[in-house]
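Asks: My structure is below; once you've seen it, I'll send some questions.
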Amino acid sequence: MRDTRFPEPAGFWTGVSWGDYDNDRAPDLYVCGYIHYVVSDADRKTSSMQIGAKVPFTLNPASFNGGTNLLLRNNRDGTFTDMAAALNVQNPQGRSLGALWHDFDLDGRLDLYVANDISDNIFFRNTGGRFEDISHPALVADYRSAMGLAVGDYDRDGDDDMHVTHWVAQENALYDNTWVDFNLKPPAGGSSAATNKYPLRFMDISDMKGLGQIALPYVGWGTEFVDFDGDGWLDLAVANGNTLEDDESSPKKLKPQETFLFWNRRGEFFHNIAPLHPGLSEKHNSRGLAVADFDNDGDMDLAIADLGEGVRLFRNEMQAGHWLKIRLRSRNHRGDATGFGDGSTVIAHLAGGVALRRSVSSVSYLSQSSRTLHFGLGPAPKVERVEIRWHAGGTNVFENLDVDASYEIIEGDREPRKLAGIGNQKPEIRSTPGVAPAATAGTRDKLRLLDFWNKQRAAMNAMKVEKDNVKAIGLFREALSLDPAHEDSLYYLATCPASTGDTGVRWATLAVLKRISPQSQRAFAQWGTLCAIAAKSPADLQAAEESLARAHAINPEETGALLILGEVALLRGDHKLADERLAAACRTNPKAVGGFFLRGYLAWKRGNDAGAKKLLEETRTALGKEWQPKGATSEGDVKQKQHVEKTPLTRFWESWDGSIEPARAFAGPDEHLQSSLRALNP
């Protein structure tokens, strides 16, 4: 079952990119169409040449016409409309592999850059409800084979530059943005006060900066700007991997290539330091690349996806300077702080007039990095001022933020919220004069971090693999003693006691998680579910409904909270509202087993036996081919499983024997619901 909110034209689709192009605070989606593939048996028997190598005709994208791209406007009601033709951004001649939304001219509107394979790249400047193709005037319409895109102010001149990866023998491009330089250069960090007198222009200076010729033998894919060593200058990572066969391999495979990790020498030159690292210098056929601080220690780590191999995760141990992390929460069109700040820019001002720009605008190639912004601060002892320019909104300014700290900033709030966690802990080192301390702060921090992750992984293994929740609870508590605010540890500690009967632990742990992470959808969903299961009065159901509604508002795409809201409406006796909520969940999630089952119950209660039978059949479909009635024994199934109450009504479809006779299937839930109504409304 497909998601009917999106149009479904035929096509060969590749990269996608979210961006609020019309500033209505609802993210829109640009979808790249690669080629118009035509099936022909004759083509399968022919070949073509690529840089002297013979390849099957059907594997050469030049054999087919370019695809047509989509711009799906968010209608703010859960549906989308394709506006690409109306706004002239279909790019029908391009063979598109990736797209990037970014405000390159600092006018508050997101521009669109499209990376095309063996066809001109396209730059669409957003003029306010319309788009202007300035690819050639802006000097970025390269007829090469473009894949990966990255954006960042590598030279700290106040505007954002762009890196584009290409196919073999084409070099990669570093497009230096000249907007600030030619528009009466504003104060450091860029400013909307620029005169905008001169047009938007870019200069490809990759050879001057050491990024051009070095890439000639390589095929570049995912790429990201990120300050790995914390010196305040953006470094650059590139995932490489050929599309041509390796003549030396047997059987033939694609030619593997090593990764690039370019260290930025103060904006003057990039040096590839990957050969100094054994893992990065290994040759693979890499494609995706993303960065995030996965271990929450204040530096940015690196993940690389290799074709046919899986993912390699590199923990960063390069960072020597101070750092700052900022997580933005932008408000949607309803005023809820549910966004990630996409399109927004943060400028961190340091002593001496240094201004560091970071924007929430990262897509790489078929990859998505963390939206938490990371600033390497070098030796700076504090951040004098932080300026947040909200996309489609105003500006917030905060002064004197701590270094080596993480903050969450909600659009419109007067104060930033400092986040607790390992990254914010700075162990005090005491030593006797003349006697060296046993370990440096950094070493002790790393040891504590390693100890935490050992406990966390062991706890997850106990819970998911060993099915030993008692053991898992102990390990999660040990992990939390090392990092009391770790959200995963808190969440899974709250879910483990479901089968141990210790409800008090669940309540207390979820209360902590909700307090430290007000945007945790799963915390509010679990709290509401627990309230609904334990409800003994209408007030309990009201508390459950409020918490579940909050969870659904935080992430409307996740259907779990919506399904339980349907159950709460049933427990209240409001069949109309229950049917609306359950139907909405089933439209979004074709695997919403409980939704189909309970909608069948509601149809039966209305006297619609035929509709009830149909929904029971859909329940069977949602359960999947391997489903069998509860109680049936499979070969090798010798363990007795303890039942866990997941939602107020889960047990009824889990114990359903598969009968599509409504009176038989729904006798149990009907008796329970009637009894609950009497008990909750004495």
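Asks: Working only within region 370-406, note down all residues that are outside any loop (DSSP other than H, G, I, E, B), open to solvent by 20 Å² or more (accessible area, probe 1.4 Å) and within 30 Å of R334 (Cα to Cα).
Replies: Selection gives R385, E387, R389, T395, N396, V397, E399.
Asks: Oh, and also: Tell me which residues, restricted to region 240-255, are open to solvent by less than 40 Å² (accessible area, probe 1.4 Å) and at pLDDT 75 or above.
Replies: Initially, region 240-255 is screened for residues open to solvent by less than 40 Å² (accessible area, probe 1.4 Å), giving 240-242, 244, 246, 249.
Matches in region 240-255: N240, G241, N242, L244.
Yes or no, residue by residue, for (1) open to solvent by less than 10 Å² (accessible area, probe 1.4 Å); (2) more than 13 Å from L649 (Cα to Cα); (3) of a type outside the set (S, T, Y):
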{"position": "L513", "(1), (2), (3)": "yes, yes, yes"}
{"position": "A532", "(1), (2), (3)": "yes, no, yes"}
{"position": "P538", "(1), (2), (3)": "no, yes, yes"}
{"position": "A544", "(1), (2), (3)": "yes, yes, yes"}
{"position": "P556", "(1), (2), (3)": "no, yes, yes"}
{"position": "L563", "(1), (2), (3)": "no, no, yes"}
{"position": "V568", "(1), (2), (3)": "yes, no, yes"}
{"position": "H575", "(1), (2), (3)": "no, yes, yes"}
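Asks: Tell me the helices (runs of 4 or more DSSP H) entirely within region 547-610 that contain at least 2 residues that are within 28 Å of N332 (Cα to Cα).
Replies: So the answer is 560-572, 575-588.
Asks: Cβ-Cβ below 8 Å, separation at least six or inter-chain, first residue in region 201-215 and closer than 12 Å to T178 by Cα and touching a residue at least 60 places away in the same chain (Cβ under 8 Å), second part of a loop (DSSP other than H, G, I, E, B) and of a type in the set (A, V, I, L, M): which pairs?
Replies: R201/A138; R201/L139; F202/A138; F202/L139; F202/V140; M203/L139; D204/L139
Asks: What number of residues in region 156-180 are more than 18 Å from G98 (Cα to Cα) and touching a Lys or Arg at 6+ places or on another chain (Cβ under 9 Å)?
Replies: 9
Asks: Let me ask something else. Being of a type in the set (A, V, I, L, M, F, W, C), open to solvent by 30 Å² or more (accessible area, probe 1.4 Å) and at pLDDT 85 or above, is that true of even one residue in region 483-504? Talk me through it step by step, then tell me what you get.
Replies: Of the residues in region 483-504, the ones of a type in the set (A, V, I, L, M, F, W, C) are 485, 490, 493-494, 496, 498.
Checking which are open to solvent by 30 Å² or more (accessible area, probe 1.4 Å) leaves us with 498.
Within this subset, residues satisfying the condition of being at pLDDT 85 or above are none.
Among the residues of region 483-504, not one is of a type in the set (A, V, I, L, M, F, W, C), open to solvent by 30 Å² or more (accessible area, probe 1.4 Å) and at pLDDT 85 or above, which makes the answer no.
Asks: Among what's in region 142-193 and is of a type in the set (A, V, I, L, M, F, W, C) and open to solvent by 10 Å² or more (accessible area, probe 1.4 Å), pick the residue that is modelled with the highest pLDDT.
Replies: V151
Asks: If you go through region 116-138, how many residues are at pLDDT 90 or above and in a strand (DSSP E or B)?
Replies: 8
Asks: Suppose we filter F452, F476 for residues that are in a helix (DSSP H, G or I), touching a helix residue (DSSP H, G or I) at 6+ places or on another chain (Cβ under 6 Å) and at pLDDT below 85; which single one remains?
Replies: That would be F452, the only listed residue that is in a helix (DSSP H, G or I), touching a helix residue (DSSP H, G or I) at 6+ places or on another chain (Cβ under 6 Å) and at pLDDT below 85.
Asks: Report yes if D299 is within 30 Å of L482 (Cβ to Cβ), under 25 Å from the mean Cα position of the chain (by Cα), modelled with pLDDT under 90 and in a loop (DSSP other than H, G, I, E, B), otherwise no.
Replies: In short, no.
Asks: Could you run through region 129-141 and say how many residues are open to solvent by 70 Å² or more (accessible area, probe 1.4 Å) and touching a strand residue (DSSP E or B) at 6+ places or on another chain (Cβ under 9 Å)?
Replies: Of the residues in region 129-141, 4 are open to solvent by 70 Å² or more (accessible area, probe 1.4 Å) and touching a strand residue (DSSP E or B) at 6+ places or on another chain (Cβ under 9 Å).
Asks: Being of a type in the set (A, V, I, L, M, F, W, C) and open to solvent by less than 40 Å² (accessible area, probe 1.4 Å) is the filter here, so list the residues in region 306-328 that pass it.
Replies: Of everything in region 306-328, those that are of a type in the set (A, V, I, L, M, F, W, C) and open to solvent by less than 40 Å² (accessible area, probe 1.4 Å) turn out to be F314, W323, L324, I326, L328.
Asks: Which of the residues belonging to region 83-100 are surrounded by 18 or more Cβ atoms within 10 Å (Cβ to Cβ) and either on the phi > 0 side of the Ramachandran plot or touching a Pro at 6+ places or on another chain (Cβ under 9 Å) (or both)?
Replies: N91, R95
Asks: Another question, if that's okay. Give just the number: which of (1) part of a strand (DSSP E or B); (2) under 16 Å from K209 (Cα atoms) does D157 not satisfy?
Replies: Status for D157: all satisfied but (1).
Asks: Could you figure out which of (1) of a type outside the set (A, V, I, L, M, F, W, C); (2) at pLDDT 90 or above; (3) open to solvent by 20 Å² or more (accessible area, probe 1.4 Å); (4) within 29 Å of Y30 (Cβ to Cβ) isn't true of S367?
Replies: For S367, the failing item is (2).
Asks: While we're looking at this one, here's another question. From the list R599, R606, R581, R651, which residue is out of contact with any Leu (no Cβ under 9 Å at 6 or more places or on another chain), open to solvent by 30 Å² or more (accessible area, probe 1.4 Å), under 29 Å from C531 (Cα atoms) and modelled with pLDDT of 90 or more?
Replies: R606
The values are calculated or read from the model by the stated rules, or taken from the named source; none is laboratory data. From a predicted model like this one, the values you see are computed outputs, not experimental measurements. Here the Cβ is made from the backbone with ideal geometry for all residues, glycine too, and neighbour counts use every protein chain on show. Please note that ligands, DNA and RNA were not included when accessible areas were found on the heavy atoms of the full protein model with its side chains. Shrake-Rupley method; radii C 1.70, N 1.55, O 1.52, S 1.80 Å.
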